[in-house]
Amino acid sequence: MSLRPLEMNRVYNTDCVVGMRSIAEGSVDLAFADPPFNIGYKYDVYDDQMAANEYLDWTRQWGAALVRALKPTGSFWLAIGDD
């Protein structure tokens with residue numbers, strides 16, 4: 001995906017890291033993430049049982065992509081599991 005303005009009221013179905021890397025740096029006011037927590041939860045299509053080092057690497061990737069996309073005054077909301 002190339003850098004381009006996001007269209008309003010449109011859903012983008014892509015890998016989060018790839019998608020966020022296609023967003024212009026410092027252009028996002030608010031990011032919300034509800035990632036899988038790697039606790040073995042049974043999702044319909046996602047295996048929530050990565051090796052710990054794999055999960056941490058993936059988390060660092062999407063975290064870095066998110067920080068790059070956020071404006072300096074942007075906010076980040078993270079949903080956390082309560083189980």
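The values are calculated or read from the model by the stated rules, or taken from the named source; none is laboratory data. All values reported here derive from a predicted model rather than from experimental measurement. Using ideal geometry, Cβ is built from the backbone for each residue, glycine included, and neighbour counts are taken over all protein chains shown.
Structural remarks
- The residues in the range 63-83 that are within 14 Å of the chain's Cα centre (by Cα), surrounded by 10 or more Cβ atoms within 10 Å (Cβ to Cβ) and within 13 Å of Phe37 (Cβ to Cβ) can be counted, and the count is 2.
- Here Asp29 meets the list (1) closer than 23 Å to Thr73 by Cβ; (2) at pLDDT below 90 almost entirely, failing just condition (2).
- Screening Ala65, Ala24 for residues that are of a type outside the set (Lys, Arg) and part of a helix (DSSP H, G or I) leaves exactly one candidate, Ala65.
- Residue ID - modelled with the highest pLDDT, chosen from residues in the range 33-53 that are of a type in the set (Asp, Glu) and over 20 Å from Gly19 (Cα atoms): Asp48
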